[in-house]
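Please treat every number below as a calculation from the coordinates, not as lab data. Here the structure is a predicted model, which means the values were calculated and not measured. Heads up, the Cβs are rebuilt from the backbone with ideal geometry, glycines too, and the neighbour counts pull from every protein chain shown.
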Amino acid sequence: MYTKNNLPTALQPRYVPYTMSTRNGPPPSLVTPSSASEPGQPVPEPAPQPGAEPPAGVSPTAPTVSTPVTMSSSREPRPRRFLFISKWGLIHDLAWEVRKEGSEVRYHIMMKSEREVAEGFVDKVDRWEDSKDWADVIVFDDCEFGALADRLRADGKAVVGGTSYTDKLEMDREFGQEEMRTAGITILPRWEFDSFDAAIAFIKSTPGRYVVKPSGRAQNEKVLSFVGQEEDGLDVLTMLEHYKKGWGGKIKSFQLQKYASGVEVAMGAFFNGTDFLHPVFVNFEHKRMFNDDIGPQTGEMGTSGFWHGSSMLFQQTLFKMRDRLAAVRYTGYIDINCIANSRGIYPLEFTCRFGYPTINLQIEGVLSRWSDVLTGMARGTPVTLRAKRGFQICVVIAVPPFPFLDSDAFRKFSEDAVVIFRKPMNEGIHPCDIRLVDGDWRLTGNSGYVMVVTGSGSTMDDARREAYNRVKNIIIPNMFYRTDIGERWHRDGDLLQTWGYLL
């Protein structure tokens, strides 16, 4: 098994504690003028508080602990027990991390086609229902589990996962946008349609540059999102005509959103049922398949990010949703993707669940024990969240047929292929559609989404260097990945600093 205890000395960060903000107003900024270094370099503060230093002998890269730490002064008679429930087999990297910390883990994958994923990494169960009373904490990895998670909470279970309300925030774009507006968040003009003919007529009567975004489950088909390039909207008209012929049965409703230029940036944070945990996570998605944002939408091919204090970016977006999330006792990660420019910050959409590959990147950057973080969120208790200074990036390694689903192509080109490591690796490698067989990592599932490789550094260039050096150590037949993850920061970071959004 891989551990995270060998980060080069030059890149080892200091421990910096962060505590949950109070309910008496916006959390205090964790960045002060005296602590800031060069522009674009986030340096969280305040200074470490008494009792927040790591135990003696524990590496600051990722604590390696043989005995779980309790959430209170009383000692638990046994390791904590975690039940992870997944629809598509997405969350096992986090489950594996929790298991390596000394907790007991069981993992259930609902889709039969994905049941081999994570074999050998964590213990699997065929029926999650048989383990719900065994578990101290139940973790759901995706949206559309909200109603079930609500019932389990009502039964007294400690749950990390969505609610019926947060599921609707993500799945129903119109509802999500209206909730933003009601919360006082500035949003872009948008129009909801359930008819292609009506949308086509609208663009003909109101020419302009628009973005097409399917609602409901169709939004999971990332290739259906379309960003118009023409100011008169003719390219969007053409695309809608094609959608009408080929996807009319799948796209039941969709949204036209007014296009806005600027920096695409996401603001995310963990929520414990009453408030956000700090620091928050500023991140930049790289959604298209090839360098320079060319090719089909994939969900993500990589992400760059950093942990940061309370900034204008947070205060004007995610923070304004706090009371609504507390009202439904949401527990988990939530993210708002935005367009920022000199005129303002404009949220685009919610992600009310763990992000992929965002959670892999967060495992790289968070120094706290994940078993403590998950338990604290599920129980609604204060959580100390420690994170690395500087930057992190992650790179998605894929094989055919990704980003498309084609089981025949996967069997022909990729199934059961072995991942070869040129030299042993014990950090920065996160399994996705992988199973462990006799010590070998083998490809399984049917998507070709193989693994995520991460790196950290005091600058974005340092983080890129570490991640891509790790990528070079990996050999998989037909593997591909983007080589420009994190390069946008030099421009995007300067703009965000110039506009004052990171202050």
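Details
- Segment 81-174 - Debye-derived log10 I(q)/I(0), Cα point model, q = 0.14 Å⁻¹: -0.49
- The trypsin sites (Lys or Arg not before Pro) found in segment 284-391 that occupy coil by DSSP, while having at most 16 further C-beta atoms within 10 Å, are Arg343.
- Vicinal HN-Hα couplings computed from phi for segment 434-450 (Karplus, 6.51 cos²θ - 1.76 cosθ + 1.60; Hz; Gly/Pro x): 9, 10, 9, 10, 6, x, 9, 7, 10, 6, 8, x, 8, 9, x, 8, 7
- Straight-line reach from Lys423: taking Cα to Cα under 21 Å and skipping same-chain neighbours fewer than 8 places apart, the lysines in range are Lys4, Lys472.
- Remark: relative contact order (segment 119-180) = 27 percent; criterion is Cα-Cα distance under 8 angstrom and separation of 6 or more residues.
- Across all Cα pairs in segment 318-408, the calculated P(r) in 5 Å bins from zero up to the longest distance comes to 3, 9, 14, 18, 20, 16, 11, 7, 3, 0 percent per bin.
- In this simple spin-label approximation, Arg324 and Ser225 carry label points 7 Å from Cα along the Cα→Cβ vector, and these lie 1.9 nm apart.
- Using the Cβ-Cβ distance between Asn341 and Thr381 with R0 set to 45 Å, the FRET efficiency from 1/(1 + (r/R0)^6) comes to roughly 0.70.
- Annotation: extensible slack from Phe175 through Met110 equals 20.6 nm (criterion: 0.36 nm per residue apart, minus Cα-Cα distance).
- Here the Karplus relation 6.51 cos²θ - 1.76 cosθ + 1.60, evaluated at θ = phi - 60°, turns the backbone of segment 279-288 into coupling constants of x, 9, 10, 9, 9, 10, 7, 10, 8, 8 Hz, with x for every Gly and Pro.
- A cut-off of 5 Å between modelled amide H atoms, ignoring neighbours fewer than 5 places along the same chain, links Leu348 with Asn337, Cys338, Ile339.
- Of Lys112/Lys252; Lys245/Lys412; Lys168/Lys252, those spanning more than 20 Å from alpha-carbon to alpha-carbon: Lys112/Lys252; Lys245/Lys412
- Once both labels are positioned 7 Å from their Cα atoms along Cα-to-Cβ, the gap between Ser164 and Ser407 label points is 3.4 nm.
- Residue-wise HN-Hα couplings along segment 306-312, as the Karplus relation 6.51 cos²θ - 1.76 cosθ + 1.60 with θ = phi - 60° gives them from phi, are 7, 8, 9, x, 6, 10, 4 Hz; Gly and Pro carry x.
- Gain on full extension, evaluated as 0.36 nm per residue between Asn426 and Ser195 minus their Cα-Cα distance, stands at 78.0 nm.
- The eigenvalues of the Cα gyration tensor, multiplied by 5 and square-rooted, give segment 189-258 an equivalent ellipsoid with semi-axes of 18, 12, 11 Å from largest to smallest.
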